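J.: To start, I am sharing the structure in question, which I have written as structure tokens.
The values are calculated or read from the model by the stated rules, or taken from the named source; none is laboratory data. As the structure is a computational prediction, the values presented were derived from the model and not from experiment. A quick note on method: Cβ atoms are made from the backbone with ideal geometry, for glycine too, and the neighbour counts reach across all protein chains shown.
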Amino acid sequence: MKKLLLLTAVITAMASCNSSQHQANMTLPAFDKEGHRGCRGLMPENTIPAMLKALDLGVTTLEMDICFSKDKKALLSHEPFFNHEITTTPDGSFIEEKDEKNYKLFELNYSDITHFDVGMKPHPRFPQQQKLKAVKPLLADVFDAVSHYMKQHKRPFPFFNIETKTNAATDNTFHPAPAEFVELLMQVIKAKKMERYVIIQSFDFRTLQYLHLHYPAMKTAMLIEDYDKRSLKEQLDALGFLPTIYSPEQSLVTAELITACHQQNIKVIPWTVDDKKDIDHLKTMGVDGIISDYPNLFNE
């Protein structure tokens, strides 16, 4: 009887493991249309309205950035502080660039962060951006809002391309160190049962390496800056494993790079492409997707 119970437990565990692996390995779209920070060119970046607008435009993946509050809440924000270009303080004033790093998210509880508006100040670089009252949302609330939207519109669920905003120079001052950062992030992803839909991307290979070691079924994207002059092999050697996606600054894309990645079963999805001619050219070259501030361009 004990042997039978043990065998049943083992089979159940294996089935659960296989199910989890299958969920995390859901196939990415043939061509991945990614809305950068939702749709930064059209709506306030990294906000729920930006994500829902991007879905209206038919994106297949929502790209976003994650930071943490003092009370360890995962929230959407490109910088680990309140950026002077988009922020209105609780008293209605604006933040000067020289002071913005004094407004660290990691030193504010999330309840305090919600008193800052990030949607009403006209953006100097994105004049088409619609202005509306908005706060930096919790990742959990973004998952919930998107889930509600998908049920209402009865359309295929999108992927979430989530960037870990970490840097070795600012560990434990602007954000948790990589291990804690990834664990806190995965807590939210697992709690909302979103493992199958999430890609974790980063310029900081440490977070990707920790993720690969502890959550090997998760999809990963290796972000590459235009000043990174290492070869693809050198970059992959530094990472230590083959990521799901190689995501370079658009000017780095060549036919040879695409071929080299595809030979290793790595998708190529460049950022941030905001010109229709460039989008068409990169598609002709054979990239597997594009990240854009203007996902409306995908439909033109």
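J.: Could you please find all residues in segment 204-256 being under 15 Å from Leu282 (Cβ atoms) and out of contact with any strand residue (DSSP E or B) (no Cβ under 8 Å at 6 or more places or on another chain)?
T.: Ser251, Thr254, Ala255, Glu256
J.: Since Glu300 meets every condition but one in (1) surrounded by fewer than 17 Cβ atoms within 10 Å (Cβ to Cβ); (2) modelled with pLDDT of 95 or more; (3) over 22 Å from the mean Cα position of the chain (by Cα), which condition does it not meet?
T.: Of (1) surrounded by fewer than 17 Cβ atoms within 10 Å (Cβ to Cβ); (2) modelled with pLDDT of 95 or more; (3) over 22 Å from the mean Cα position of the chain (by Cα), only one is false for Glu300: (2).
J.: Quickly run through segment 285-296 and pick out the residues that are out of contact with any strand residue (DSSP E or B) (no Cβ under 7 Å at 6 or more places or on another chain) and over 21 Å from Asp226 (Cβ atoms).
T.: Hit for segment 285-296 is Asn296, nothing else.
J.: Inside segment 131-156, can you point out the residues that are surrounded by fewer than 16 Cβ atoms within 10 Å (Cβ to Cβ) and assigned to a loop (DSSP other than H, G, I, E, B)?
T.: Within segment 131-156, Lys131, Leu132, Lys133, Lys154, Arg155, Pro156 meet the criteria.
J.: Please go through segment 73-130 and pick out each residue that is in contact (Cβ under 8 Å) with a residue 60 or more places away in the chain and of a type in the set (Val, Ile, Thr).
T.: Scanning segment 73-130 gives a single hit, Val118.
J.: Regarding segment 63-72, can at least one residue be identified that is among the basic types (Lys, Arg), crowded, with 19+ Cβ neighbours inside 10 Å, under 21 Å from the mean Cα position of the chain (by Cα) and modelled with pLDDT of 95 or more?
T.: For segment 63-72, residues among the basic types (Lys, Arg), crowded, with 19+ Cβ neighbours inside 10 Å, under 21 Å from the mean Cα position of the chain (by Cα) and modelled with pLDDT of 95 or more: absent.
J.: I'm trying to understand the selection: among the residues of segment 158-194, which are of a type in the set (Val, Ile, Thr), in contact with a strand residue (DSSP E or B) (Cβ under 9 Å, 6 or more places away or on another chain), assigned to a helix (DSSP H, G or I) and in contact (Cβ under 8 Å) with a residue 60 or more places away in the chain?
T.: Across segment 158-194, the qualifying residue is only Val188.
J.: Among the residues of segment 233-249, how many are without any contact (Cβ under 8 Å) to a residue 40 or more places away in the chain and surrounded by 19 or more Cβ atoms within 10 Å (Cβ to Cβ)?
T.: Of the residues in segment 233-249, 4 are without any contact (Cβ under 8 Å) to a residue 40 or more places away in the chain and surrounded by 19 or more Cβ atoms within 10 Å (Cβ to Cβ).
J.: Among what's in segment 75-112 and is touching a Phe, Trp or Tyr at 6+ places or on another chain (Cβ under 6 Å) and part of a strand (DSSP E or B), pick the residue that is nearest to Ala30 (Cα to Cα).
T.: Phe81
J.: Would you tally the residues in segment 157-169 being farther than 17 Å from Cys39 by Cβ and either surrounded by 11 or more Cβ atoms within 10 Å (Cβ to Cβ) or in contact with a His (Cβ under 9 Å, 6 or more places away or on another chain) (or both)?
T.: Matching residues across segment 157-169 total 5.
J.: Can you pull out the strands (runs of 3 or more DSSP E) entirely within segment 207-300 that have at least 2 residues that are of a type in the set (Gly, Ala, Ser)?
T.: Correct list: 289-292.
J.: On the basis of being surrounded by 21 or more Cβ atoms within 10 Å (Cβ to Cβ), of a type outside the set (Val, Ile, Thr) and closer than 15 Å to Thr244 by Cα, does Ala217 make the cut?
T.: no
J.: Checking His212 against (1) without any contact (Cβ under 8 Å) to a residue 12 or more places away in the chain; (2) crowded, with 16+ Cβ neighbours inside 10 Å: exactly one of these is not met. Which one?
T.: With respect to (1) without any contact (Cβ under 8 Å) to a residue 12 or more places away in the chain; (2) crowded, with 16+ Cβ neighbours inside 10 Å, His212 is out only on (1).
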